[in-house]
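The structure appears below as structure tokens.
The values are calculated or read from the model by the stated rules, or taken from the named source; none is laboratory data. In this text the structure is predicted, and so the values were computed from the model without any measurement. All Cβ positions, even for glycine, are placed from backbone atoms using ideal geometry, and neighbour counts span all protein chains on display.
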Amino acid sequence: MIDIATLPALISVPKAAQLIGLSRASAYRFAATGELPTRRLGGRVFVVTAKLQAFIDGEEVQAA
């Protein structure tokens with residue numbers, strides 16, 4: 001189980017992939033479809049850690 005409270009508010013897609021056991025390509029694919037909650041800052045894509053546990057649990061994540 002990932003302790004979301006110890007992570008920064010936003011993490012890179014590759015870091016999120018590593019934490020949840022996905023390939024980097026799969027994580028970017030989930031991000032592109034909106035299944036993995038992301039934010040774009042300065043041309044980079046980051047995963048919203050507050051919604052990461054819902055993704056792991058298979059819950060539908062609402063876009064903000």
request  = Could you tell me which residue of segment 1-15 is modelled with the lowest pLDDT, considering only residues that are in a helix (DSSP H, G or I) and in contact with a helix residue (DSSP H, G or I) (Cβ under 6 Å, 6 or more places away or on another chain)?
outcome  = I4
key: Yes/no for G21 being more than 15 Å from P8 (Cβ to Cβ), more than 11 Å from the chain's Cα centre (by Cα) and modelled with pLDDT under 95   = yes
note = The residue from R29, R39 that alone is outside any helix (DSSP H, G or I), surrounded by 11 or more Cβ atoms within 10 Å (Cβ to Cβ) and basic (K, R) is R39
ask   = When you scan segment 2-18, how many residues do you find that are under 13 Å from F55 (Cα atoms) and free of Cβ contacts under 8 Å to residues at least 40 places away in the same chain?
value = 2
